[in-house]
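Note sheet for the following structure.
The values are calculated or read from the model by the stated rules, or taken from the named source; none is laboratory data. Given the structure is predicted, the values throughout are model-derived calculations rather than measurements. Here the Cβ positions follow ideal geometry from the backbone for every residue, glycine too, while neighbour counts run over all protein chains shown.
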Amino acid sequence: MKGQYGYQSYRGRMTLRKFLAILIGVLAVALALVVALYVYLQRYVVYTDEGARFELPFFQGESQPPEESGGVNIVVENSPAPSDGEERPETAEPLRAVWVPAESLEADIIQAQVEAAGGNAAVLDMKNADGTLNYVSQLELARQAGANPAEDRNAALRELNQGELYTIARVACFKDGLLNTVDRSMNILTNSGYLWYGEDQMYWTSPASGEVRDYLTGIARELAELGFDEILLDFAGYPTQGNLGWIRVGESYPQGELDQWIGQFYQEMAQALEDYEVKLSIRTTEEALRGEDSLSGQTAQNLAAWADRIWVEPSAQEDTDYAALLAAAGMEGAEEALVLITQETEELTGGWARLP
């Protein structure tokens with residue numbers, strides 16, 4: 001039967017539109033495969049002076065892990081240790097400190113004095129045992145006690161400390177003959193209420209006095225600001241010589257707590273100087289390092305905890321390993337931190353100091 005318009009559609013023949021759609025789809029899939037293959041093979045492209053080439057892993061004799069895309073291989077080689085023939089960095093030489101009088105602050109004169117004694121550092125007294133100062137302090141207590149010198153030498157000290165010579169300011173801490181003129185309650189007293197003094201007729205202030213400790217830490221800060229490389233605390237404990245039985249036990253001399261007050265003073269001093277590039281040194285005795293000193297308040301433990309260096313006068317009777325005593329008390333680098341106070345320096349390899 002004929003159709004309405006005189007013909008019937010034939011379902012076995014493909015139309016042109018359908019053919020083109022299929023062709024486009026096949027080409028799209030082929031293009032996607034080519035792009036994927038190109039991306040995959042990029043990791044195996046090797047560029048040489050002769051041009052680019054593929055190095056596929058299945059054509060290699062050994063399997064090799066693919067390189068990370070976009071990365072650059074960096075080989076880090078550790079520097080070899082220097083052989084015996086090569087130079088090594090120089091270590092700091094031991095301290096060889098020489099006391100010089102503070103009358104003249106001419107750098108050339110002081111340098112010559114130090115070198116003549118075989119030293120590499122100068123020790124200058126900045127607070128004397130009588131309480132006077134060899135620089136002008138801005139502390140109110142120094143002004144009230146009349147401790148400042150008549151001549152302002154601060155500018156000369158700054159100039160000296162800016163030079164190459166290593167400078168050390170020695171501070172006679174609790175031996176002081178002036179603070180009692182301001183307030184005698186800052187001093188160690190006798191049983192009768194008088195000012196106690198030692199064999200050298202010098203008065204002693206009390207480490208238990210907060211005013212005294214503040215005064216000394218203030219002096220140390222001022223010396224650090226003047227440019228000293230190191231501050232040496234001398235007479236930095238309770239007295240150990242003289243008529244000690246005359247001392248009144250109490251607030252200024254709390255017997256049984258002496259080491260606690262000395263330890264607190266060292267801690268306060270170290271904290272006062274922590275913002276400055278300056279070393280804190282403390283002079284002590286063999287008895288204190290051995291634990292045989294119950295009078296000064298100094299112990300190996302409080303010295304090791306707060307000092308950068310320990311200065312000690314060696315015993316004439318026996319050869320004591322002071323560094324070992326400090327190390328046992330917890331001091332790191334005790335061998336380098338030890339300074340022996342002696343005039344016999346020829347055979348010494350460690351740090352030494354010559355003091356009057």
Scan the range 119-170 for residues that are hydroxyl-bearing (Ser, Thr, Tyr) and under 29 Å from residue 348 (Cβ atoms) and report the count. 2
Across (1) in contact with a Leu (Cβ under 9 Å, 6 or more places away or on another chain); (2) within 18 Å of residue 296 (Cβ to Cβ); (3) part of a helix (DSSP H, G or I); (4) not aliphatic (A, V, I, L, M), residue 213 clears everything bar (1)
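Of the residues in the range 134-159, how many are free of Cβ contacts under 8 Å to residues at least 60 places away in the same chain and either touching a strand residue (DSSP E or B) at 6+ places or on another chain (Cβ under 7 Å) or on the phi > 0 side of the Ramachandran plot (or both)?
Going through the range 134-159, the residues free of Cβ contacts under 8 Å to residues at least 60 places away in the same chain turn out to be 134, 136, 140, 143-153, 155-156, 159.
Imposing the further condition that a residue be either touching a strand residue (DSSP E or B) at 6+ places or on another chain (Cβ under 7 Å) or on the phi > 0 side of the Ramachandran plot (or both) reduces the set to 134, 146-149.
So the answer is 5.
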Can you name every residue in the range 237-258 that is loosely packed, with under 14 Cβ neighbours inside 10 Å, part of a loop (DSSP other than H, G, I, E, B) and either in contact (Cβ under 8 Å) with a residue 40 or more places away in the chain or not aliphatic (A, V, I, L, M) (or both)? 241, 243, 250, 251, 255, 256, 257
Quick check, is residue 125 crowded, with 18+ Cβ neighbours inside 10 Å and either acidic (Asp, Glu) or without any contact (Cβ under 8 Å) to a residue 40 or more places away in the chain (or both)? yes
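Please determine whether any residue of the range 263-279 is within 30 Å of residue 323 (Cβ to Cβ), among the basic types (Lys, Arg), surrounded by 23 or more Cβ atoms within 10 Å (Cβ to Cβ) and modelled with pLDDT of 95 or more.
Our first condition is that a residue be within 30 Å of residue 323 (Cβ to Cβ); within the range 263-279, this holds for 263-279.
Then keep just the ones that are among the basic types (Lys, Arg); that gives 279.
Next, from what is left, pick out any that are surrounded by 23 or more Cβ atoms within 10 Å (Cβ to Cβ): none.
The answer is no, given that none of the residues of the range 263-279 is within 30 Å of residue 323 (Cβ to Cβ), among the basic types (Lys, Arg), surrounded by 23 or more Cβ atoms within 10 Å (Cβ to Cβ) and modelled with pLDDT of 95 or more.
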Which condition from (1) surrounded by 15 or more Cβ atoms within 10 Å (Cβ to Cβ); (2) in contact with a Leu (Cβ under 8 Å, 6 or more places away or on another chain) is the one that residue 234 breaks? (2)
Yes or no: the range 328-349 includes at least one residue that is surrounded by 14 or more Cβ atoms within 10 Å (Cβ to Cβ) and over 30 Å from residue 128 (Cα atoms). yes
Could you give me the residue pairs with C-beta distances under 8 Å whose first residue belongs to the range 101-114 and is in the same structural domain as residue 166 (by TED's automatic domain parsing), whose second residue is among the hydroxyl-bearing types (Ser, Thr, Tyr) and surrounded by fewer than 17 Cβ atoms within 10 Å (Cβ to Cβ) wherever it lies, and which are 6+ apart or on separate chains? 110/104
Count of residues meeting criterion [over 24 Å from residue 118 (Cβ atoms) and under 21 Å from the mean Cα position of the chain (by Cα)] in the range 163-176: 0
Does the range 188-208 include one or more residues that are surrounded by 21 or more Cβ atoms within 10 Å (Cβ to Cβ) and of a type in the set (S, T, N, Q)? yes
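Yes or no: the range 182-193 includes at least one residue that is touching a strand residue (DSSP E or B) at 6+ places or on another chain (Cβ under 8 Å), among the small types (Gly, Ala, Ser) and not in a helix (DSSP H, G or I). Walk me through how you get there before you give the answer.
So in the range 182-193, the residues touching a strand residue (DSSP E or B) at 6+ places or on another chain (Cβ under 8 Å) come out as 184, 186-191.
From what is left, the residues that are among the small types (Gly, Ala, Ser) are none.
No.
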Which ones in the range 309-351 are among the polar types (S, T, N, Q), in contact with a strand residue (DSSP E or B) (Cβ under 7 Å, 6 or more places away or on another chain) and in contact (Cβ under 8 Å) with a residue 60 or more places away in the chain? 345
